[in-house]
Amino acid sequence: MTQTESETKSASGGRGTLYKGREGMWSWVGHRITGVGIFFFLLVHVLDTSLVRVSPEAYNAVIGAYKHPIMIIGEIGLVGGIVFHAFNGIRIILVDFWKKGTRYHRQMLWGVLIVWAVTMIGFTVRHLMLFLEGWEGF
Amino acid sequence: MATQANPEAVLPAQGIEAPRSGRIDPKYLRSRTSRSNFEMMAWVFMRVSGAALVVLIFVHLWVNLMVGDGIHQIDFSFVAGKWANPVWQFWDLTMLWLAMLHGTNGMRTIINDYAEKDSTRAWLKAILYLSAAVIIILGTMVIFTFEPCLTDEAGNLLEGVAPEFCHGV
């Protein structure tokens, strides 16, 4: 049996490998997707912030779009992506530099998801409360 | 057979070839001294900047969205108030540079992975580097040339726009 065959077999039915199939691969997919999303938001965010050099009115008008209910939902999604990318990034650093990182990489991913969920519950509740307190309607 | 073996892949003590050493194009051999260690530097940078960005961005989100009035407090005078403090100027500048370089290197990796045609890859990376340069330079200039205490033609502070501390000056 070649190495490739054994990897494929174990990836589909068994424990998988560090990178192929299961937790290792899906965390990698998630890291890429959130990374690309954050990158494009960052381009937009620097541009909207740059409007402080145009005029206070221009900045306030554009930043006001972030206070629309639809954008509030979008912000929860954005922060969800950032928080996953952050915690999974710490996991990647541990896989690379911690002696037992590769052995516990699956457990660490579940840890990432649990801490992510707790963080996101806190953020979502607080963000929605603050939004509703200051909301003046449509 | 032995004549085809790459001399660098031969173990000096026993003279035994490393596995597959005779069948690998020399340009893919890891023992080859590479022209630069750019990729290794990039790999290290992703981890160092990533760890720093977790702190920089979490504090950024906390201060802007989780305390005070949250999302509703963000307007011109809020930004002016923050950038009146050199600590926040430095904070945002560091965040801008690290996030843009981290993100650009991540996008570069993804383009290298999926764009198989040489010309497509070159074009995508050219667009990426140009966009990144524009955003980094623009953001840096905005932070350093920002004027928080705007006045009208008569020299009076613009009411409702200038942050509190402008009135004391």
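The values are calculated or read from the model by the stated rules, or taken from the named source; none is laboratory data. A quick note: this is a predicted structure, and the numbers were derived from the prediction, not measured. Every residue, glycine among them, receives a Cβ derived from its backbone with ideal geometry; neighbour counts consider all protein chains shown. All accessible areas refer to the heavy atoms of the entire protein, side chains included, with ligands and DNA or RNA removed. Shrake-Rupley method; radii C 1.70, N 1.55, O 1.52, S 1.80 Å.
Per-structure values
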read-out: The stretch A:20-134 - percent relative contact order, Cα under 8 Å, separation 6 or more; value: 32
read-out: Efficiency of FRET between B:Trp123 and B:Phe146 - r from beta-carbon atoms, R0 45 angstrom, step 0.05; value: 0.85
read-out: Percentage of interatomic Cα-Cα distances in the stretch A:49-138 larger than 18 Å; value: 60
read-out: Solvent-accessible ranking of B:Trp43, B:Trp83, B:Trp62, largest area first, probe 1.4 Å; value: B:Trp62, B:Trp43, B:Trp83
read-out: Estimated FRET transfer efficiency when R0 is 22 angstrom, pair A:Val118-B:Met66 (beta carbons, to 0.05); value: 0.90
read-out: Added length on full extension, which subtracts the Cα-Cα distance from 0.36 nm per residue, B:Val134 to B:Glu164; value: 7.5 nm
read-out: Heavy atoms of B:Asp152: accessible area, 1.4 Å probe, square angstrom to 10; value: 60
read-out: Accessible surface of the stretch A:77-134 [probe 1.4 Å, protein heavy atoms]: carbon and sulfur percent; value: 74
read-out: Exposure of A:Leu78 as accessible area (Å², to 10), given a probe of 1.4 Å and all protein chains; value: 40
read-out: Shielding of B:63-73 by partner chains, average beta-carbon count, 10 Å; value: 5
read-out: Probe 1.4 Å, all protein chains present, accessible-area order of B:Cys166, B:Cys149, largest first; value: B:Cys149, B:Cys166
read-out: FRET efficiency for A:Ile70 and A:Val36, using Cβ-Cβ distance with R0 set to 22 Å, rounded to 0.05; value: 0.55
read-out: Solvent-accessible area of B:Leu101 with every protein chain in place, 1.4 Å probe, in Å² to the nearest 10; value: 70
read-out: Heavy-atom SASA rank of A:Ser27, B:Ser36 (probe 1.4 Å, accessible area, largest first); value: B:Ser36, A:Ser27
read-out: Relative contact order (%) - criterion: Cα under 8 Å, at least six apart; region: the stretch B:38-168; value: 28
read-out: Volume per residue of the C-alpha convex hull in the stretch B:48-169, rounded to whole Å³; value: 135
